[in-house]
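> Below you'll find the structure I mean.
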Amino acid sequence: MSESNHPNQANRGRRFGCKPNSLARGTARTLRAAFLLAIVSLAAGAEATAIETLGYRTVREEGPFEIRRIEPHIVAATFVEGDFDEVGTVGFRRLFEYISGLNRSEAEIAMTAPVSQAPSDTATLRGRPVAQEGSDGRFRITFVMPSEYTLETLPVPEDERIMLQAEAPRTVAALRYSGFWTRSRYRAHERKLRDWIVLQGLETVGEPVWARYDPPFMPWFLRRNEILVTVREP
């Protein structure tokens, strides 16, 4: 008789006051917990090697809502046509190649956050952090450049579809949230921010922007996502 079929095999769990099914469920829970811990540890490691983020000053805070003053900065920008859920990936790859050395100096540029995406009809508004807004169509995708650079010192892109642009300071209303990168979650938080802006008596300039600060491997519950919309100075 093989060991797996030994009559005492099924009774091993009972020796410890547990049924075999209980042991299996306990093992599954332990494995899930270990897997979750590994993911969180990976995310914590990524956070520990913190990258530079777009500078701003919080003017006012009310629960999850904020009024911010965004600092002047430089972006690498590109335009992409397509679906709301797909253009970010296309634009990201194009801009990532630029900072990875696809430039006339063959220089690598440090990654920053957030990455931003905005419809091209509102792209003339200054200072979009990585963001996404609006409906399907043509979008402007941007990477914020490290603050050590100026327009004169940044490497010139080899890809003519990439532009280097200075963004002026601006005031924005912001709503931060975590979770999956879905259009439905974006729309739900956009409505919340719009309602709050109305309650504050603020006048908006342009459409909301979806700003994302984390890489795809970041667990959904740890992701930093934001809806941003430019408002006129109070």
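The values are calculated or read from the model by the stated rules, or taken from the named source; none is laboratory data. Since the model is a prediction, treat every value here as computed from it, not as a measurement. Glycine also receives a Cβ, built like all others from the backbone with ideal geometry; neighbour counts cover every protein chain displayed.
> For D214, are the conditions met, namely being farther than 21 Å from R57 by Cα and of a type outside the set (G, A, S)?
no
> For P208, all conditions in the list (1) modelled with pLDDT of 90 or more; (2) under 18 Å from R69 (Cα atoms); (3) in a strand (DSSP E or B); (4) not β-branched (V, I, T) hold save one; what is the number of the exception?
Evaluating P208 over (1) modelled with pLDDT of 90 or more; (2) under 18 Å from R69 (Cα atoms); (3) in a strand (DSSP E or B); (4) not β-branched (V, I, T) leaves (1) as the failure.
> Return yes when L222 is closer than 16 Å to P114 by Cα and either surrounded by fewer than 13 Cβ atoms within 10 Å (Cβ to Cβ) or not acidic (D, E) (or both) and no when it is not.
For L222, the condition - closer than 16 Å to P114 by Cα and either surrounded by fewer than 13 Cβ atoms within 10 Å (Cβ to Cβ) or not acidic (D, E) (or both) - is met.
> Tell me, which residue of segment 125-168 that is of a type in the set (S, T, N, Q) and out of contact with any Gly (no Cβ under 9 Å at 6 or more places or on another chain) is modelled with the lowest pLDDT?
The selected residue is S135.
> Residues that are among the hydrophobic types (A, V, I, L, M, F, W, C) and either outside the structural domain of H73 (by TED's automatic domain parsing) or within 20 Å of the chain's Cα centre (by Cα) (or both): which strands (runs of 3 or more DSSP E) entirely in segment 137-194 hold 1 or more of them?
Ranges flagged: 137-144, 170-177.
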